[in-house]
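S.K.: If you scroll down you'll find the structure; I have some questions about it.
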Amino acid sequence: MRESGSVRAIWLAGLALLLVGLLLPAFVNRQPIMYPDSVGYFHSGYAAIKQAKSILDAHQGSHAPSAPALTPRQADGVTTARSVYYGLTYVAGYWLGGVWALALGQALVTLAALVLAARHAVPLDPMRRIAVLGAVALLTGLNFFVVAAMPDVFAGLMLLAVAVVLAYAPRMPRLEYLFWLGLIALAGLYHKAHLAILAVTLVLAAPLVWRRHGRDLLLLAGAGVLAWVGHVAVDVAVTKATGKPPIAPPFLLARLVGDGTAERYLRDVCPKQNLATCAFLDKMPMTENDFLWSHDPDRSVMGGADRQTRAAIAAEAGGIVLGTLQAYG
């Protein structure tokens, strides 16, 4: 009995040390790591809460001051560049626990995922298992992603979830299985790019594991579909609130503009095609950040254009990306 209690105490102490290790970069930095996009995520969540409160007050006939209706200029500026779901998590965490809450929450989710995965993949005694997890936390750069106010860490956790489910599903308790599915859905809600990564991963895995894990593949895909529906719901809500659909920033096009290949393609096709992006060819070369966000008249595209132009560029972005990859990929 005493030996069992000692093992449990060592295990709990090890978990506490792992949590400290995951938060270590933030402790050294004296706060979680912030990026310019971190502020954007926070504003996305806060704006969603304000708009929801305004609608709720209107339905309830509340006399309390509510958020003002969006001006035409604000409505024109609504995009889906940053996930409102991650923004809501950020705002809720800040209200509940201040600037550290988001990093702590991400650290706890990561710790849970590592411990559950290690139960299957690291068949060692508790002390050695803790040592392995400590190495993962401290030597891989994972903890820097954990304490950043960005959803990037969930891309790795999502891939871990896929791997664990496909490798160990037959011996997995139902609650743990639901945890992994929920983690995948959460990752998809937090960033649309995670859904693309998930789709490619499942397509590549299908020929290898379909016979033994066909049901698991479908459930993993279902978690992704659930997240996709969540994003569609946001688009519908924005359209209903503003009367205009949100504009999805053309991230892939911006990346290809930044490395110069899209510029080469546009110089070839613009004399033959009337593309909205061609009007900005004289400002290139430019970085992807300039393409997406700059308001400098000499080097801006999406940031300085009117809504009609931004919508046209977003609509034609897929064709430009495909043409660029076919020509120079």
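Rundown of residues vs (1) closer than 26 Å to Ala185 by Cα; (2) free of Cβ contacts under 8 Å to residues at least 24 places away in the same chain, yes/no style:
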site: Leu202; (1), (2): yes, no
site: Val209; (1), (2): yes, no
site: Val234; (1), (2): yes, no
site: Ala237; (1), (2): yes, yes
site: Thr242; (1), (2): no, no
site: Pro246; (1), (2): yes, no
site: Pro250; (1), (2): yes, no
site: Ala254; (1), (2): no, no
site: Asp268; (1), (2): no, no
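S.K.: Kindly evaluate Thr261 against the criterion of being on the phi < 0 side of the Ramachandran plot and crowded, with 19+ Cβ neighbours inside 10 Å.
M.R.: Working: on the phi < 0 side of the Ramachandran plot: yes; crowded, with 19+ Cβ neighbours inside 10 Å: no.
Answer is no for this residue.
S.K.: Same structure, new question: Any idea which of Pro246, Pro271, Pro285 is out of contact with any Phe, Trp or Tyr (no Cβ under 9 Å at 6 or more places or on another chain) and either basic (Lys, Arg) or at pLDDT below 90 (or both)?
M.R.: Checking each option against the conditions leaves just Pro246.
Residue by residue, here is whether (1) more than 30 Å from Gly182 (Cα to Cα); (2) of a type outside the set (Lys, Arg); (3) surrounded by fewer than 18 Cβ atoms within 10 Å (Cβ to Cβ) holds:
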| position | (1), (2), (3) |
| --- | --- |
| Gly214 | no, yes, yes |
| Gly224 | no, yes, no |
| Pro249 | no, yes, no |
| Cys270 | yes, yes, yes |
| Asn274 | yes, yes, yes |
| Met302 | yes, yes, no |
| Ala314 | yes, yes, no |
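S.K.: Does Ile197 meet the test of being under 16 Å from Trp228 (Cβ atoms), assigned by TED's automatic domain parsing to the domain that holds Leu226, crowded, with 22+ Cβ neighbours inside 10 Å and under 13 Å from the mean Cα position of the chain (by Cα)? Steps first, answer last, please.
M.R.: Numbers: under 16 Å from Trp228 (Cβ atoms): yes; assigned by TED's automatic domain parsing to the domain that holds Leu226: yes; crowded, with 22+ Cβ neighbours inside 10 Å: no; under 13 Å from the mean Cα position of the chain (by Cα): yes.
No; evaluated as a whole, the condition is false for this residue.
S.K.: Taking into account only those residues within the stretch 138-166 that are at pLDDT below 95 and not in a loop (DSSP other than H, G, I, E, B), which is surrounded by the most Cβ atoms within 10 Å (Cβ to Cβ)? Give the steps one after another, and end with the answer.
M.R.: Residues of the stretch 138-166 at pLDDT below 95: 138-141.
Among the residues that remain, those that are also not in a loop (DSSP other than H, G, I, E, B) are: 138-139.
Values: Leu138: 14, Leu139: 10.
Result: Leu138.
S.K.: Give the number of residues within the stretch 167-186 that are in contact with a Gly (Cβ under 8 Å, 6 or more places away or on another chain) and under 14 Å from Thr110 (Cα atoms).
M.R.: Selection size over the stretch 167-186: 1.
The values are calculated or read from the model by the stated rules, or taken from the named source; none is laboratory data. Keep in mind the model is a prediction, meaning the values are calculated, not measured. Reconstructed Cβ throughout: ideal geometry from the backbone, glycine too, with neighbour counts over all protein chains shown.
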